[in-house]
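Colleague: Okay, handing you the structure first.
The values are calculated or read from the model by the stated rules, or taken from the named source; none is laboratory data. Please read these numbers as outputs of a predicted model, since none were measured by experiment. Cβ atoms come from the backbone with ideal geometry, glycine included; neighbour counts cover every protein chain shown.
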Amino acid sequence: MEIILRTKLLISLVVFALFSLALGQLDISWANVSYSELVQMNAHCYPLDTCQQPRDSNQLDKYNCDCDSSCVMFDSCCIDSPYRTALATDLKCRKVYKGSHVYMVDSCRNPDLVPETLCGSDAEERNDLFLVIPVTSLSTGITYKNYFCAVCNENTETDQLILWNLQVRGRFVRLIADNIMPNFKYDTYSKSWRIVGESIVNIAIVMPNDLEYIVRTCSEELISNCAKEWKDVSVVKKCAAYMAKIAIVESSQVFWFRNPHCALCNFKKVEKSKCNNLEVLKSFLPNKHKQIRNNTQRNSYHPMSYDVSSIPFLKIFQLHDKPKCGSRMIYDKLGKKCRCNSQHSLFEARSVC
């Protein structure tokens, strides 16, 4: 099943990339930049920022740019990726509730489909946890802010839209014995989602394992534009033309830039740039400790793990379920009802939308 999903998604991404490449041929002057220029600037991070070596992943927490066809969609192509074009993207870097940052669409952009009010609605004001659950499309590989953002951008069947999972940690022992979905509410005092009647819980949204090869992580702090005072247009174009993340450390502050040209047009010295979090961390260590792990490769970045051994209870609720509703509807396990669009979303199950 996973192989079929991978193949289907790959075909969609390749078609999208080829179409984008065709558009890109209309104006290629913007992309007059090569990897050798990064080397000359002494701001390269080989092999993290090039497609010259084989890769086992394209996640941006391991590499500084992407090489495969999906980079067109995420605007994250390496400087020497064959898919790099000038096509703009509607994807934004957004933080998942109590989770990481990922590329997603958070508004209705398809003029051929009816806009959905609940796509951009405030989940906290509506006390509707369903509105903060991301949805990933198996048809396009795009992740959306919520289900309603998906249906107003894609004319696809609901079985192709995968809801992310809900993770609950705490002492709510009753959940261990059964799969009854508790009732949730937004607590304005703690500014977090809670289970009704329970205070010692931690709720988070987590990505299903099957989506790890589709969803792309990102960094909200990534500076991708030039300073308003910068006048050299050629550098501005290069800043927008590719991705090759670098970090600049100044005093006790760390600034991450989309690429060396973005750092340059923000008046930073790129000669002393860092390539990953490990190098940034070492720059803060006392000189006598800077030799620690000197033999570590520049691309050996390992995210901090979270020790759950002391947590009395942890449960994952899989929100994506087999069809229980009518055509073009999805079952909301949180609200315990079928939902389809903004107009009918608050009503009980209907046979059709």
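Colleague: Could you please let me know if residue 102 is in contact with a Pro (Cβ under 9 Å, 6 or more places away or on another chain), at pLDDT 90 or above and of a type outside the set (Asp, Glu)? Break it down into steps so the answer makes sense when it comes.
Modeller: Working: in contact with a Pro (Cβ under 9 Å, 6 or more places away or on another chain): yes; at pLDDT 90 or above: yes; of a type outside the set (Asp, Glu): yes.
Answer is yes for this residue.
Colleague: Continuing with the same structure: Need the failing condition index for residue 189 against (1) touching a residue at least 12 places away in the same chain (Cβ under 8 Å); (2) in a loop (DSSP other than H, G, I, E, B); (3) aromatic (Phe, Trp, Tyr), just the number.
Modeller: (1) is the only condition that residue 189 fails.
Colleague: Tell me the residue from 97, 83 that is more than 21 Å from residue 164 (Cα to Cα) and part of a loop (DSSP other than H, G, I, E, B), please.
Modeller: Working: 97 fails: more than 21 Å from residue 164 (Cα to Cα).
None of the other options fit; the residue is 83.
Colleague: Here is a further query. So if I check each of 221, 250, which one is of a type in the set (Asp, Glu) and farther than 30 Å from residue 129 by Cα?
Modeller: Working: 221 fails: farther than 30 Å from residue 129 by Cα.
After applying the criteria, what remains is 250.
Colleague: How many residues, within the stretch 152-170, are within 18 Å of the chain's Cα centre (by Cα) and in a helix (DSSP H, G or I)?
Modeller: Going residue by residue through the stretch 152-170, those that are within 18 Å of the chain's Cα centre (by Cα) are 153, 161-166.
So of that shortlist, the ones also in a helix (DSSP H, G or I) come out as none.
Residues that pass the stated criteria total 0.
Colleague: I would also like to ask the following. Is it the case that the stretch 217-227 has a residue that's touching a residue at least 60 places away in the same chain (Cβ under 8 Å), assigned to a helix (DSSP H, G or I) and surrounded by fewer than 16 Cβ atoms within 10 Å (Cβ to Cβ)? Break it down stepwise before answering.
Modeller: Here is the first cut: in the stretch 217-227, the residues touching a residue at least 60 places away in the same chain (Cβ under 8 Å) are 217-220, 222.
Right, trim to assigned to a helix (DSSP H, G or I) and you get none.
No: zero hits.
Colleague: Could you please let me know if residue 17 is surrounded by 14 or more Cβ atoms within 10 Å (Cβ to Cβ), at pLDDT below 95 and over 21 Å from the mean Cα position of the chain (by Cα)?
Modeller: Criteria not met by residue 17.
Rundown of residues vs (1) part of a loop (DSSP other than H, G, I, E, B); (2) at pLDDT below 95; (3) among the aromatic types (Phe, Trp, Tyr); (4) touching an Asp or Glu at 6+ places or on another chain (Cβ under 6 Å), yes/no style:
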{"site": "249", "(1), (2), (3), (4)": "no, yes, no, no"}
{"site": "262", "(1), (2), (3), (4)": "no, no, no, no"}
{"site": "268", "(1), (2), (3), (4)": "yes, no, no, no"}
{"site": "279", "(1), (2), (3), (4)": "no, yes, no, no"}
{"site": "293", "(1), (2), (3), (4)": "yes, yes, no, no"}
{"site": "307", "(1), (2), (3), (4)": "yes, yes, no, no"}
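Colleague: Continuing with this model, one more query. Can you work out which of the residues in the stretch 192-211 that are in a helix (DSSP H, G or I) and of a type outside the set (Asp, Glu) is nearest to residue 168 (Cα to Cα)?
Modeller: Of the residues in the stretch 192-211, the ones in a helix (DSSP H, G or I) are 209-211.
Then drop every residue that is not of a type outside the set (Asp, Glu), which leaves 209, 211.
Values: 209: 17, 211: 20 Å.
Applying the filter and picking the extreme gives 209.
Colleague: Are any of the residues in the stretch 141-164 surrounded by 18 or more Cβ atoms within 10 Å (Cβ to Cβ), small (Gly, Ala, Ser) and under 24 Å from residue 69 (Cα atoms)?
Modeller: Just the residues of the stretch 141-164 that are surrounded by 18 or more Cβ atoms within 10 Å (Cβ to Cβ), to begin with: 141-154, 158, 161-164.
Remaining after also requiring small (Gly, Ala, Ser): 141, 150.
Pick out the ones that are also under 24 Å from residue 69 (Cα atoms) and you get 141, 150.
Checked the stretch 141-164: at least one residue is surrounded by 18 or more Cβ atoms within 10 Å (Cβ to Cβ), small (Gly, Ala, Ser) and under 24 Å from residue 69 (Cα atoms).
Colleague: Right, next: Run down 180, 214, 176 and say which single residue is among the hydrophobic types (A, V, I, L, M, F, W, C), over 27 Å from the mean Cα position of the chain (by Cα), assigned to a loop (DSSP other than H, G, I, E, B) and modelled with pLDDT under 90.
Modeller: Details: 214 fails: over 27 Å from the mean Cα position of the chain (by Cα); 176 fails: assigned to a loop (DSSP other than H, G, I, E, B).
Testing whether each residue is among the hydrophobic types (A, V, I, L, M, F, W, C), over 27 Å from the mean Cα position of the chain (by Cα), assigned to a loop (DSSP other than H, G, I, E, B) and modelled with pLDDT under 90 leaves just 180.
Colleague: Within the stretch 114-151, take every residue that is among the β-branched types (Val, Ile, Thr) and assigned to a helix (DSSP H, G or I) and give me the one that is nearest to residue 163 (Cα to Cα). Show your work before the answer.
Modeller: Quick first cut of the stretch 114-151, residues among the β-branched types (Val, Ile, Thr) only: 114, 117, 132-133, 135-136, 140, 142-143, 151.
Adding the requirement that they be assigned to a helix (DSSP H, G or I) leaves 117, 132, 151.
Details: 117: 19, 132: 10, 151: 13 Å.
Out of the qualifying residues, it is 132.
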